[in-house]
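Report on the following structure.
The values are calculated or read from the model by the stated rules, or taken from the named source; none is laboratory data. Treat the numbers as computed from the prediction; the structure is a model and nothing was measured. Positions of Cβ are generated from backbone atoms using ideal geometry, with glycine treated the same way; all protein chains shown enter the neighbour counts. Only protein heavy atoms, including side chains, enter the accessible area calculation; ligands, DNA and RNA are left aside. Shrake-Rupley method; radii C 1.70, N 1.55, O 1.52, S 1.80 Å.
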Amino acid sequence: MQASRQRIVGRQWLESSKRRVAREPPYRYFSCSQRQAQTPPPPKKSPQDGPASTTTHFGFETIAEALKEQRVGAVFSSVASSYDSMNDFMSLGIHRLWKDHFVRTLNPGRNPLTSPPSSQDQGWNILDIAGGTGDIAFRMLDHASTLNHDAHTKVTVADINPDMLAEGRKRALNTPYARSPRLAFIEANAEALDAIPDNSVDLYTVAFGIRNFTHKDVALREAFRVLKPGGVFACLEFSKVNNALFDAMYQRWSFGAIPLIGQLVAGDRDSYQYLVESIARFPSQAEFSGMIRDAGFLVPGKGYEDLTNGIAAIHKGVKPVGKGV
C-alpha cells in the first residue's frame, strides 16, 4: 500500500516538474552589445516563409528571398535624405576620407599626356552600382576632369531604389554635371543589368551597397559580363575589424549606439539596426575576395586593402584580357 502511494506521488512530482519547466520563459539578452558578443542564434523565420520557400538573411533575420528586395528598398527609402548622416554614424565620420581614397586609387579618366591619341576623345565608361545619391559618381567625374584633364569620361549611376536616385538627381543640381551627357541615372537591379551591354564598361564601382544584395555571386557575374576585357571591378564596403580591442569597441558602438541614434535623429531605429546587422553578416575580406575570384576576375595581390583597421575594405578584380562574356 505504501509503495503504491509512493508511485502515485512520484508521478505527480514528475508531471508538476514538466509543467513548471514549460512555464519558465527562455533566457533573453536585452543588451545589443551582449547579443553581438555571442554567436547569434539561428534567427526566426518570417511568417510569410512557406516550408518550401527559399530563404535569405535580412540582417540577423531569416526571410523569404522574394521579400528581401522589398525590405531593403524600404530601408533605403527611409534613409535616402539622411544618407550622409547615416554613413557618418556607421563609419565614425570618416567615410568621406575612404571615398576620396577609393577614387584616387582608381584614378578614373584618360590623361591626354599618357593615353594614346586615338583614345583621348573617348574617356572612360564607368558604371556606379547602388550609387543612387551620386556620392562616388561626382568624385570620379571631378577626378577625371581636374586631375586627368578628361572632359569625356562619363558615369552611369544605377540603383534599384527610386528614392535614392531622386536624392542623387537633386544633389547633381549643385554640380557641373547636372545637365551634362557625362552623368546619367538609371533604375536597375545589380543582379540583372539588362540595359547594360556585354563588354561595354571600363570601370564598375559599388560603394557600401553590395552587402545588401540578395545574391552577391549573381551580381559579381553580372559585373564580369558588362566589363570590357581589362576592365576593373572595385568595391568599397564595411568589413571585419582586424584588431580585437578595437573590434570590441566598434561592435559596442555599432549595436549599442547607432540604432539609438537612428531613433533619436531620424525616428527610425529599425533601419539602422538592419544596417549594422548587415555589416556583421557580410563575408570577411578573404571570403569576399574569394567570391570575386570565383566570378572569373583576376585578383591583384591579396585582393583587398583594409581601411581604419578593417572597418571598411577596398576590393578589386580585373577581367582578364581575351575574355568575353
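When all protein chains stay in place and ligands, DNA and RNA are ignored, the 1.4 Å accessible-area order of His95, His215, largest first, is His215, His95. Using heavy atoms of the protein chains and a probe of 1.4 Å, the accessible area assigned to Ser85 is about 50 Å².
Model label sites at Asp100 and Ser81, defined 7 Å from Cα along the beta-carbon direction, differ in position by 2.9 nm.
Our coupling estimate for the range 230-241, obtained by passing each phi through the Karplus curve with A = 6.51, B = -1.76, C = 1.60 and θ = phi - 60°, is x, x, 10, 9, 9, 10, 10, 8, 4, 9, 9, 5 Hz, Gly and Pro reported as x. Can you give me the solvent accessible area of Trp124 with a 1.4 Å probe, rounded to the nearest 10 Å²? Near enough 50 Å² of accessible area. Accessible surface area normalised per residue over the range 238-299 is 46 Å², counting heavy atoms of protein chains with a 1.4 Å rolling probe.
Treating r as the C-beta distance of Ser115 and Arg221 and R0 as 25 Å, the FRET efficiency rounds to 0.25. Computed over protein heavy atoms with a 1.4 Å probe, the carbon and sulfur contribution to the accessible area of the range 166-236 reaches 52%.
Around the amide H of Ala312, modelled in the peptide plane, lie the amide H atoms of Ser239, Leu307, all under 5 Å away and 5 or more residues distant in sequence or on another chain. Computed from phi, the 3J(HN,Hα) profile of the range 301-318 under the Karplus parametrisation 6.51, -1.76, 1.60 (θ = phi - 60°) reads x, 7, x, 8, 10, 6, 10, 6, 6, x, 4, 9, 8, 9, 10, 9, x, 10 Hz, with x in place of Gly and Pro. Over the C-alpha atoms of the range 89-240, the Rg to Rh ratio, Rh being the Kirkwood estimate, stands at 0.95. Across the range 178-325, counting alpha-carbon atoms alone, Rg and Dmax equal 17.2, 53 Å. For Arg211, the solvent-accessible surface computed with a 1.4 Å probe is close to 10 Å², ligands and nucleic acids excluded.
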